[in-house]
Amino acid sequence: MINRKVGIMGGSFNPIHQGHLVVANEVLNIYNFDEIIFVPAGIPPHKNGLKTNPWDRYIMTQIATVSNDRFTVSDIEVKRTGKSYTLETLMRLQEMYPDTEFYFITGTDAIIDIPNWHEPEKLLSLCKFIAVSRPGIDKDIIEKKIKEIKDTLNGHIELMQVPMLQISSTDIRERIKKGVSAKYLLPETVEQYIIKNNLYR
């Protein structure tokens, strides 16, 4: 019997920024989730060599989400040795949280690439997916590609449009590297953590 509905936000969060938090809060309210679990990636299989320590990204995510009592952060991937596969994470979370219906929240760019993820058909059988539309993306093209994925791999994928802030972690890292202020692009506490620990320099 399903007692809880929980959203999972996975990502490198390198660093976490206001865009991530806006999306999480919108999804939380629209779907009326009991909780959203942020899962900072340890060693993502699709990104070559994140230079930031996984625990720094975990701590920044903790700092950024502490003011929302329905946001929690899991260290399940940062503790894992080797590459972090979403399938393994979901299987572990299902063991930890029985009687829970999970929704994996990600961007439409990631959803389109899901056939290239580790065991995508099994992954789609474990939970529902929410594809968050980014600004400037053609909705008709996305819906067509999602239909193709569902026809091929089955699974449940919902497209959701939310007011997205045009903020990227890449841009924030570049700003900090150049000594340009990233104020208001990310929580002030996260900005202070980055400065104090000399990250992205």
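Summary of computed values
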| item | result |
| --- | --- |
| Among residues of the range 182-196, those that are under 28 Å from residue 109 (Cα atoms), loosely packed, with under 15 Cβ neighbours inside 10 Å and touching a residue at least 40 places away in the same chain (Cβ under 8 Å), counted | 1 |
| Among the residues listed as 136, 179, 155, the single one being at pLDDT below 95 and surrounded by 15 or more Cβ atoms within 10 Å (Cβ to Cβ) | 155 |
| Yes/no for residue 118 being touching a strand residue (DSSP E or B) at 6+ places or on another chain (Cβ under 6 Å) and in contact (Cβ under 8 Å) with a residue 12 or more places away in the chain | no |
| Candidate set: the range 31-64, residues that are of a type in the set (Gly, Ala, Ser) and in a loop (DSSP other than H, G, I, E, B); chosen: the one nearest to residue 82 (Cα to Cα) | 42 |
| Residue match in the range 65-79 (condition: within 20 Å of residue 182 (Cβ to Cβ), not in a loop (DSSP other than H, G, I, E, B) and not aliphatic (A, V, I, L, M)) | yes |
| Enumeration of residues in the range 140-168 that are in contact with a strand residue (DSSP E or B) (Cβ under 7 Å, 6 or more places away or on another chain) and either under 18 Å from residue 27 (Cα atoms) or in contact (Cβ under 8 Å) with a residue 60 or more places away in the chain (or both) | 156, 157, 158, 159, 160, 161, 162 |
| Residue match in the range 28-35 (condition: open to solvent by less than 50 Å² (accessible area, probe 1.4 Å), over 18 Å from residue 192 (Cα atoms), modelled with pLDDT under 95 and of a type in the set (A, V, I, L, M)) | no |
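Residues are listed down the side, and each one gets a yes or a no for (1) open to solvent by 50 Å² or more (accessible area, probe 1.4 Å); (2) farther than 15 Å from residue 11 by Cβ; (3) not small (Gly, Ala, Ser):
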residue: 42; (1), (2), (3): no, no, no
residue: 68; (1), (2), (3): no, yes, yes
residue: 73; (1), (2), (3): no, no, yes
residue: 76; (1), (2), (3): no, no, yes
residue: 82; (1), (2), (3): no, yes, no
residue: 87; (1), (2), (3): no, yes, yes
residue: 98; (1), (2), (3): yes, yes, yes
residue: 107; (1), (2), (3): no, no, no
residue: 111; (1), (2), (3): no, no, yes
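The values are calculated or read from the model by the stated rules, or taken from the named source; none is laboratory data. The structure displayed is predicted, hence computed values, not measured ones. No Cβ is skipped: glycine too gets one built from the backbone with ideal geometry, and neighbour counts run over all protein chains shown. These area figures cover heavy atoms from the full protein model, side chains too; ligands, DNA and RNA do not enter into them. Shrake-Rupley method; radii C 1.70, N 1.55, O 1.52, S 1.80 Å.
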